[in-house]
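These notes concern the structure reproduced below.
The values are calculated or read from the model by the stated rules, or taken from the named source; none is laboratory data. Since the structure is predicted, the reported quantities are computational estimates derived from the model, not experimental observations. Glycine also receives a Cβ, built like all others from the backbone with ideal geometry; neighbour counts cover every protein chain displayed. All accessible areas refer to the heavy atoms of the entire protein, side chains included, with ligands and DNA or RNA removed. Shrake-Rupley method; radii C 1.70, N 1.55, O 1.52, S 1.80 Å.
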Amino acid sequence: MLDIERNSLLPFPLVLKGGRTIETVGDVADFLSSLTEDQRERAHWRTAILMLNHAMRESRYLKIATINLRSALAYDQLLAEDAP
């Protein structure tokens with residue numbers, strides 16, 4: 001059985017331009033499903049998706065998956081403000 005579910009909280013929220021906040025695994029899944037096929041093929045999104053898949057099987061990877069997601073969002077300048 002998986003430890004992580006759609007309502008599982010991320011280690012820290014990610015605030016996007018426009019005010020949308022990604023706070024749960026479900027929010028991540030919804031966001032990733034909105035990416036185009038072209039976007040999903042880019043290395044930074046492939047890495048973020050891969051790490052989320054790992055986290056779904058092993059909850060200890062959720063923090064690194066969230067960091068990878070933040071990096072992908074920053075790379076595409078989608079975060080509300082630049083995160084260090």
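Among 34-44, 64-74, sorting by the average number of other beta carbon atoms lying within 10 angstrom of each residue, highest first, gives 64-74, 34-44. Using a cut-off of 11 Å between beta-carbons, work out the net charge of the residues near ARG6 (Lys and Arg +1, Asp and Glu -1, ARG6 not included). Counting the neighbours of ARG6, the net charge comes to -3. About the Cα centre, and with charges only on the beta carbon of Lys, Arg (+1) and Asp, Glu (-1), how big is the dipole of the stretch 28-84? Nearest 20 debye, please. Around 340 debye, computed over the stretch 28-84. When the P(r) is computed for the stretch 15-84, the part past 19 Å accounts for 26% of the Cα-Cα pairs.
Ligands, DNA and RNA are left out, and with a 1.4 angstrom probe the accessible area of the chain is 64 Å² per residue. To the nearest ten degrees, helix 62-75 and the longest principal axis of the Cα atoms of the chain are 10 degrees apart. Using the rule -39500 (n - 2.57) for each DSSP H run of four or more residues, divided by the residues of the chain, the 222 nm mean residue ellipticity is -15000 deg cm²/dmol.
Averaging the sequence gap over all C-alpha pairs within less than 8 Å and six or more residues apart, then dividing by the number of residues, gives the stretch 11-64 a relative contact order of 22 percent. On the stretch 1-57, 53 percent of the accessible area sits on carbon and sulfur atoms, based on a 1.4 Å probe.
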